[in-house]
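Below is one structure, written out as structure tokens; the observations come after it.
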Amino acid sequence: MDLETLLNRVLIGIGALLFVVAVAMIAVPGIGSAVPFGTPAVFVVGIVATVTGLGIVRRRLRGEVEETVTPDPERPAGNPKPGEDVDRMLYEMSVLRQGVSENREVLEDRLENLAIAVVRNREDCSVEEARRILEAGEWTSNEQAAGFFQGERTAAEEAGLSGSLLSGTDDVANFENQFRATVEELIRVGDVDVSQSVDVEEETERSFLDQLLGRSGDEGDESDAVDTNWNVSRSSLPTFDTSEPFEDVTLQHTNRWLGVTAFALVAVGVGTLTFTPGLMLAGTVGVAYTIYSRVSAVPRTEGLVVEREYDIDDPEPGDQVDVTLTVRNESGSMLPDLRLIDAVPDEFVVTDGCPRLHTALQSGAQAQIDYTVRVERGEYEWPLLVVARDFSGGVERTSLVTPDAGMRVIPPLRVTNDVPVRAQTTQYAGDVNTKQGGSGLEFYSVREYRPGDPMNRINWKQVASTGDLATIDFRQEKAATVTILFDTRQSAYISGGTDEPHAVDHSVHAASDIFGALYDQGNLVGIAAFDTVPCWYAPGAGSEHLENARMLFAQHPALSPRPPERQDHESQYIDPMTHVRRRLPSTSQVFLFSPLADDYAAEVARRLDSEGHLVTVISPDVTVDETVGQRLTRIERTARVRYLRERGIRVLDWNPDERLSLEIEKAQARWA
Amino acid sequence: MSYDTQDEEFAAVEVTHSPARFSSIVAVAAALLATVTIGLVAPVSALIGLFGLVGVGGGLFVFESERLTLAGTGIVFLGVVVAGFFADVPEFLLFAALASIISFDLGTNAFSVGRQLSDQTETQRGEAVHVAATVFVGVIAAGLSYGIFLIPWGALTVPALTFLLLSALFLLWSIRQ
């Protein structure tokens, strides 16, 4: 016999005893006064009742209500901003006082590498020379910043450093101030484009705290609005992936009536103690609600029929789709308390309406939910989250009902504008101008006639005037082989703001336009990505190739709008240097899409370039410049762009707010 | 397809989780009713009730704190008990107790609806059904017990009634699971 049953029996025993006493008192009116200690006993019961009631009040105030926590599918998924790691490290050091020495080391290294890159770029010197300039403090007139790199390599300083770490707090504040000053100085020295008027000191802490609390960084009166959402992490449901049309998640007592007994106990107790029949009468209402809360019926949500309709059958990424959801109660009984939330996929954002409803449905009745979502590439099928309660709300049943209404969002691969591929020579005829003469359209040169030259290319004017045969060569146009390579590692899933697409989304959107354009120009185009999942689609041509590429953009897990750490599949590290390089045709050009969030991406571009592939880097700039970490990442990215350009690699530093086609036109003028 | 998220039309809708409005209003109204009722019986207790009323209103509309709201209804009910201490007018006490329990239920329901759904959600129908059910049960229960109260039970003394009510409570507790 477990504790629960034992407790139940004790309760029944006490109840029965009290009942017998009450019946005895009513049946034999004199018994109350006849029993010795009759009045004191009644008093004790009154006191016990009151105290128990107060105990229940206390329990209730501690909040023991159990209910399903629901997600906020309307809001965009939260992706980290660039530089969040730096801000976090600084926050840990200065506020939480954690990992002071480790974080300090990491930050120092990072800043030093950056400073070397900046100084090298400015002075056009070697790494050793740059290091010497840094350590000598000659790179800036700002003493605080100059001091950051000075002499920190000496053994005495190291010892002094660790000594002072133990000693106190001022040291961390000093380090932080110096760090900030150095970053600001690097911005100035490196001539990096940031907005100057940011109060860096205050800004960091506030915005980081806000992030920790999940608040938006906007005005104060919106501070309780939900900022970001991942369906699973914001709700108590373990998963929203269901293969079944109906799936029960939980069935629980909400305990929401916990405390109502206190009304009865306190009223009856005090009524007894003060001999106030009115209070005891008032207590009966409490008893009645206690009964009400105990009488529960499990809502029959399995009888719900859910249908979902879209106004567009084949949406494209970025489209706004009107969704109409109809819920009909065919359970045969009333569902008095239905809380419905359409669990819109994380990749989508609700732009109008509300995917939720609170209603009650009679048997046979139906309700409708209308809302508009902005869709993103991929294949989706999502459930309606049904939280149903009985009349009193004492029982809560949570289920997922998945209507048979999948949605497939596929990029159109539209041709928006021409994309410049780099001049090269291949075997296929196409659009790329080469430095070879032959058949073509544009005049290239006139040369001596060689037997076998086609007659239509003989320069008859020259024949007429001099009598010598000569042949006109036109500039040969050839097709290029282009591989579009994506950087889709976790580090590329960064975005400049809550409601902004992350860098991978920007890349894939841009790439699907560019793919269409390159294909239209007659080039052989392939797709690859370096990520935890291998992605390779060899360059090719033909309408089937185009169709397959569309599907790949939409469905390949490596190009998914969902970052790798939130995907289910087993992940393993794949080195692009072996995975991509082994398959890349030797003549293939590479269009690398990467936010250049770390040195590795830049290194990939450089290595592919040094192997003879012509590399064009298209880098959506998602860096922002509010906090010190964000400013630091912006300088780092700028340094990487310069590093690549120094090596003759084309880099399109693309601000995603601008149209890519315009940026390409501008860049083309520069490259030409 | 490069879309601009700065554009109002493409931005995500706002989501906030305040207590549901309709239930909140009814909860405050019920607490007010309870306070006025006990004020008619014993003005002193109305002061306590007023204190609780501020807690309920502040908890629901200003601070959005469920605990404050709960404490508020508790204090209103304390006012009812104190009123009973000063003046034993069963009808008024019964009504005030009923109103404060209704306020308790609707206040907590407002928070629950606000948490699970959102301010932007259409909740009137669901809330209305809940309010109706709670009020209905309360009125029926109060009517029944008042009816029984009116019947002259010669032997039903206060101690006997105490034992009867408490035995009912214990038996109820036992059927909890």
So how many residues does the stretch A:335-362 have that are within 10 Å of chain B (Cβ to nearest Cβ), of a type in the set (D, E, K, R) and either free of Cβ contacts under 8 Å to residues at least 12 places away in the same chain or surrounded by fewer than 22 Cβ atoms within 10 Å (Cβ to Cβ) (or both)? 1
Would a scan of the stretch A:31-42 turn up a residue that is more than 32 Å from the chain's Cα centre (by Cα), within 14 Å of chain B (Cβ to nearest Cβ) and in contact (Cβ under 8 Å) with a residue 40 or more places away in the chain? yes
Against the condition open to solvent by less than 50 Å² (accessible area, probe 1.4 Å), at pLDDT below 95, more than 8 Å from chain A (Cβ to nearest Cβ) and under 24 Å from A:Arg75 (Cα atoms), how does B:Gly143 come out, does it pass? no
Does B:Ala27 satisfy the criteria of being more than 12 Å from chain A (Cβ to nearest Cβ), within 25 Å of A:Val287 (Cβ to Cβ) and open to solvent by less than 20 Å² (accessible area, probe 1.4 Å)? yes
Being in a helix (DSSP H, G or I) and either within 12 Å of chain A (Cβ to nearest Cβ) or not hydrophobic (A, V, I, L, M, F, W, C) (or both) is the filter; apply it to the stretch B:56-70 and report the residue that is farthest from A:Phe263 (Cα to Cα). B:Gly58
In the stretch B:36-51, the residues that are open to solvent by 10 Å² or more (accessible area, probe 1.4 Å) and farther than 19 Å from A:Thr284 by Cβ: B:Val36, B:Gly39, B:Leu40, B:Pro43, B:Val44, B:Ala46, B:Leu47, B:Ile48, B:Leu50, B:Phe51
Return a yes/no flag: does the stretch A:543-563 have any residue that is within 14 Å of another protein chain (Cβ to nearest Cβ), out of contact with any His (no Cβ under 7 Å at 6 or more places or on another chain), open to solvent by 40 Å² or more (accessible area, probe 1.4 Å) and not in a helix (DSSP H, G or I). no
Considering only residues of the stretch B:71-111 that are in contact (Cβ under 8 Å) with a residue 60 or more places away in the chain and farther than 12 Å from B:Ala31 by Cα, which is nearest to the other protein chains (Cβ to nearest Cβ)? B:Asn109
Residues of the stretch A:597-619 satisfying the condition of being in contact with a helix residue (DSSP H, G or I) (Cβ under 7 Å, 6 or more places away or on another chain) and hydrophobic (A, V, I, L, M, F, W, C): A:Ala597, A:Ala602, A:Val604, A:Ala605, A:Val615, A:Val617, A:Ile618
If you check A:Ala464, A:Ala470, A:Ala479, which single one turns out to be at negative phi, open to solvent by 30 Å² or more (accessible area, probe 1.4 Å) and of a type outside the set (Ser, Thr, Tyr)? A:Ala464
Can you find even one residue in the stretch B:52-59 that is over 20 Å from A:Ala288 (Cβ atoms), open to solvent by 50 Å² or more (accessible area, probe 1.4 Å) and of a type outside the set (D, E, K, R)? yes
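Okay, residues lined up against (1) closer than 24 Å to A:Asp598 by Cβ; (2) open to solvent by 10 Å² or more (accessible area, probe 1.4 Å); (3) assigned to a helix (DSSP H, G or I):
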{"position": "A:Ser94", "(1), (2), (3)": "no, yes, yes"}
{"position": "A:Glu105", "(1), (2), (3)": "yes, yes, yes"}
{"position": "A:Leu111", "(1), (2), (3)": "yes, no, yes"}
{"position": "A:Cys125", "(1), (2), (3)": "no, yes, no"}
{"position": "A:Ala130", "(1), (2), (3)": "yes, no, yes"}
Mind counting the residues in the stretch B:89-140 that are out of contact with any Cys (no Cβ under 6 Å at 6 or more places or on another chain), open to solvent by 20 Å² or more (accessible area, probe 1.4 Å) and outside any helix (DSSP H, G or I)? 3
Is it fair to say A:Ala601 is closer than 29 Å to A:Pro238 by Cβ and under 21 Å from the mean Cα position of the chain (by Cα)? no
Which numbered condition in (1) surrounded by fewer than 24 Cβ atoms within 10 Å (Cβ to Cβ); (2) at pLDDT 90 or above is the only one that B:Val81 fails? (1)
Residue in the stretch A:52-68 that is in a helix (DSSP H, G or I), at the interface with chain B (Cβ under 9 Å from one of its Cβ atoms) and of a type in the set (A, V, I, L, M, F, W, C) present: yes
Scanning the stretch A:274-287 for residues that are open to solvent by 20 Å² or more (accessible area, probe 1.4 Å) and within 27 Å of B:Asp105 (Cα to Cα), which turns out nearest to the other protein chains (Cβ to nearest Cβ)? A:Thr284
Within the stretch B:11-24, of all residues that are buried (at least 23 other Cβ atoms within 10 Å of the Cβ) and not in a loop (DSSP other than H, G, I, E, B), the one farthest from the other protein chains (Cβ to nearest Cβ) is B:Ser24
Would you check if there is a residue in the stretch A:233-247 being surrounded by fewer than 16 Cβ atoms within 10 Å (Cβ to Cβ), part of a helix (DSSP H, G or I) and more than 7 Å from chain B (Cβ to nearest Cβ)? yes
Index of the failed condition, A:Ser94 passing every other in (1) within 20 Å of A:Asp191 (Cα to Cα); (2) of a type outside the set (Asp, Glu); (3) touching a residue at least 40 places away in the same chain (Cβ under 8 Å): (1)
What residue, among those in the stretch A:69-92 that are touching a Lys or Arg at 6+ places or on another chain (Cβ under 9 Å) and surrounded by fewer than 22 Cβ atoms within 10 Å (Cβ to Cβ), is nearest to the other protein chains (Cβ to nearest Cβ)? A:Val69
Taking first residues from the stretch A:100-112 that are free of Cβ contacts under 8 Å to residues at least 60 places away in the same chain and second residues anywhere that are surrounded by fewer than 16 Cβ atoms within 10 Å (Cβ to Cβ) and in a helix (DSSP H, G or I), the pairs with Cβ under 7 Å that are 6 or more apart or on different chains are A:Asn103/A:Glu92
Using beta carbons and a limit of 8 Å, which pairs, at least six apart or on different chains, have the first residue in the stretch A:566-585 and at pLDDT 75 or above and the second one loosely packed, with under 14 Cβ neighbours inside 10 Å and not in a helix (DSSP H, G or I)? A:Arg581/A:Glu611
State whether one or more residues within the stretch A:501-508 are modelled with pLDDT of 85 or more, in a loop (DSSP other than H, G, I, E, B) and within 28 Å of A:Glu603 (Cβ to Cβ). yes
Within the set of pairs 6 or more residues apart or between chains, which connect a residue that is open to solvent by 10 Å² or more (accessible area, probe 1.4 Å) inside the stretch A:486-508 to a residue that is part of a helix (DSSP H, G or I) with Cβ atoms less than 6 Å apart? A:Gln490/A:Pro564; A:Gln490/A:Glu565; A:Ile494/A:Ala503
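Results for (1) open to solvent by 50 Å² or more (accessible area, probe 1.4 Å); (2) in a loop (DSSP other than H, G, I, E, B), shown as yes or no for each residue.
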residue	(1), (2)
A:Ser293	no, no
A:Val298	yes, yes
A:Glu302	yes, no
A:Arg308	no, no
A:Asp314	yes, yes
A:Gly318	no, yes
A:Arg328	yes, no
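The values are calculated or read from the model by the stated rules, or taken from the named source; none is laboratory data. Note that the coordinates shown come from a computational prediction; the quantities given were computed from them, not determined experimentally. Neighbour counts are summed over all protein chains in view; Cβ atoms, including those assigned to glycine, are modelled from backbone coordinates with ideal geometry. SASA here: full protein model, heavy atoms, side chains in, ligands and nucleic acids out. Shrake-Rupley method; radii C 1.70, N 1.55, O 1.52, S 1.80 Å.
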